[in-house]
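Asks: Shown below is the structure under consideration.
The values are calculated or read from the model by the stated rules, or taken from the named source; none is laboratory data. Here the structure is a predicted model, which means the values were calculated and not measured. Cβ coordinates were reconstructed from backbone atoms using ideal geometry, including for glycine residues, and neighbour counts include every protein chain displayed.
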Amino acid sequence: MLTNGSNGGQPTWCPAKCQCSDKDLSVTCKNVKLEGIPSDLPPFIHSLDLTNNRIPEISNGTFIVYQNLTKLILTDNNITKIEEDAFYGLVNLAELSLKRNCLSIEDIPKFIFQNITTLTKLHLSDTLLRAIPGDAFYGLENLSELFL
């Protein structure tokens, strides 16, 4: 990996406003008022933390090129909508956090997590969810921790 570019000592692949680690292949974009997933994320990252931004929705195919991602933190955003194939392509994801968002039962499509069979931790606490469609957990045979 290339490091110490003109991005304040950050790896040259690091998106603006974010902190990155060559060692962990992680990107952290906390508290930077993002209104969407950065379009310039490199496809090889393993961890992405977008805590406390202003992301309103996750569209189909958003993460399709991030097949190496093992940890995705979307905590404390204004997410009100997640499309059914939003997490398609996350074939190695082990941890997903959607806590402290504005999600309700109408916002969780059936089979939403079906393509994330490697998921072991799922955080859905502090949302507006009062019930979750049973089909939402279809395919999560490795899920060992669920936080509601």
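Asks: Condition (residue is in a strand (DSSP E or B) and modelled with pLDDT under 95) applied to the range 35-47: is it met by at least one residue?
Replies: No, because not a single residue in the range 35-47 is in a strand (DSSP E or B) and modelled with pLDDT under 95.
Asks: Considering (1) under 18 Å from SER97 (Cα atoms); (2) among the hydrophobic types (A, V, I, L, M, F, W, C); (3) out of contact with any Gly (no Cβ under 9 Å at 6 or more places or on another chain), say which one ILE64 fails and leave the rest.
Replies: Tallying (1) under 18 Å from SER97 (Cα atoms); (2) among the hydrophobic types (A, V, I, L, M, F, W, C); (3) out of contact with any Gly (no Cβ under 9 Å at 6 or more places or on another chain), ILE64 fails exactly one: (3).
Asks: Let me ask something else. For a quick check of your reading of the model, give me the residue pairs whose first member lies in the range 131-144 and is within 10 Å of ILE112 (Cβ to Cβ) and without any contact (Cβ under 8 Å) to a residue 24 or more places away in the chain, whose second is part of a helix (DSSP H, G or I) and among the small types (Gly, Ala, Ser), with beta-carbon atoms closer than 8 Å and at least 6 apart or on different chains.
Replies: none
Asks: Among (1) touching a Cys at 6+ places or on another chain (Cβ under 8 Å); (2) more than 30 Å from GLN10 (Cα to Cα); (3) surrounded by 20 or more Cβ atoms within 10 Å (Cβ to Cβ); (4) not basic (Lys, Arg), where does ILE79 come up short?
Replies: For ILE79, the exception is condition (2).
Asks: Can you tell me which residues in the range 85-120 are within 17 Å of LEU50 (Cα to Cα) and not in a loop (DSSP other than H, G, I, E, B)?
Replies: GLU95, LEU96, SER97
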